[in-house]
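The values are calculated or read from the model by the stated rules, or taken from the named source; none is laboratory data. From a predicted model like this one, the values you see are computed outputs, not experimental measurements. Don't worry about glycine lacking a Cβ; one is built from the backbone with ideal geometry, like all the others, and counts go over all protein chains shown.
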Ligand SMILES: Cc1cc2nc3c(=O)[nH]c(=O)nc-3n(C[C@H](O)[C@H](O)[C@H](O)COP(=O)(O)OP(=O)(O)OC[C@H]3O[C@@H](n4cnc5c(N)ncnc54)[C@H](O)[C@@H]3O)c2cc1C
């Protein structure tokens, strides 16, 4: 793990606000590029960094490494909560400002050498760590299919996706692509996949765990990236402890990537 005073290369709003009558309001989504060669050189897809977000935030905030380039920059793709202190601070950073970050943290995704076809399942902001995985996998000549589900047409711009990816769009209101939930498309693609990588809300994982057979996931290696509230990011505070079949694990240190089968979902669903 490295500490860095990263320089902001760019910080752009890419999605507008989202009104959600029954949930926390979102002011928009941004992509911030940060120059931090020490962290970029070590980063693996699925890992995250902790960002110190100004004096009003006592705790640093976790963000997945969204992309890495060969100039030593990392990108974070982040949702700004209308009432979120940390994300509102981050959106106000301008080019040449500094942001204190530390990382890379966590275990990251792992691609088996024998795999050829990788199926990625993104729910909403869950696309954040999966694009780093996509970039790496396509460079290494894997075939990548991305199932990307959102509530409506407010979604990650297709123009920013790597051209060689096979994209299957799903929206709950049917505005773009197939209508429904992203997990509903799994039966069509799971058979093709040697490995499945998913990132999305806990409800998406619960659905995958509970309807494993129906969705075609039985016997498939499925890695999921778990998001839990965390304090320190490196295994000291135990705020992000989760129960697995192998005992208690810390999402920040032992995860955030776990096998779908390892998490005791019923217990997690009671607590989230
Ligand atoms: C491993 C990991 C990777 C993440 N990657 C991304 C990403 O790529 N893009 C993105 O938009 N968001 C990501 N998140 C969620 C992001 O950390 C929160 O949205 C952010 O911390 C909210 O901060 P805030 O001060 O604006 O909101 P507040 O609600 O004011 O934050 C208060 C506290 O809660 C914690 N917190 C709030 N929401 C979450 C959450 N969902 N998960 C974990 N901690 C939370 C914060 O760290 C902080 O300590 C990730 C979370 C984790 C655990």
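Okay, here's what the table says:
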quantity	calculated
Single unsatisfied condition, residue 17 versus (1) closer than 22 Å to residue 227 by Cβ; (2) modelled with pLDDT of 95 or more; (3) more than 13 Å from the ligand (Cβ to nearest atom)	(2)
Sole residue being over 21 Å from residue 258 (Cα atoms) and in the same structural domain as residue 9 (by TED's automatic domain parsing), chosen from 88, 152	88
Yes/no for residue 177 being within 16 Å of the ligand (Cβ to nearest atom) and in contact with a strand residue (DSSP E or B) (Cβ under 7 Å, 6 or more places away or on another chain)	no
Filter pass, residue 131 being in the same structural domain as residue 170 (by TED's automatic domain parsing) and away from the ligand (no atom under 16 Å from the Cβ)	no
Considering residues of the range 207-231 that are under 20 Å from residue 52 (Cβ atoms) and surrounded by 19 or more Cβ atoms within 10 Å (Cβ to Cβ) only, the residue nearest to the chain's Cα centre (by Cα)	227
Evaluation of residue 220 against (1) more than 16 Å from the ligand (Cβ to nearest atom); (2) assigned to a loop (DSSP other than H, G, I, E, B); (3) in contact with a strand residue (DSSP E or B) (Cβ under 6 Å, 6 or more places away or on another chain); (4) touching a residue at least 40 places away in the same chain (Cβ under 8 Å) (one fails), failing number	(4)
Extreme residue, modelled with the lowest pLDDT, among residues of the range 259-272 that are within 16 Å of the ligand (Cβ to nearest atom) and either surrounded by 21 or more Cβ atoms within 10 Å (Cβ to Cβ) or farther than 15 Å from residue 200 by Cβ (or both)	271
Residue match in the range 28-50 (condition: assigned to a strand (DSSP E or B) and at pLDDT below 95)	yes
Index of the failed condition, residue 83 passing every other in (1) near the ligand (Cβ under 9 Å from one of its atoms); (2) surrounded by 14 or more Cβ atoms within 10 Å (Cβ to Cβ)	(2)
Filter result for the condition that a residue is under 16 Å from the mean Cα position of the chain (by Cα) and under 28 Å from residue 221 (Cα atoms), over 120, 138, 167	120
Test for residue 188: is it assigned to a helix (DSSP H, G or I) and surrounded by fewer than 18 Cβ atoms within 10 Å (Cβ to Cβ)	yes
Scope the range 233-258; condition within 28 Å of residue 52 (Cβ to Cβ), in contact (Cβ under 8 Å) with a residue 24 or more places away in the chain and more than 10 Å from the ligand (Cβ to nearest atom); matching residues	234, 242, 253, 254, 258
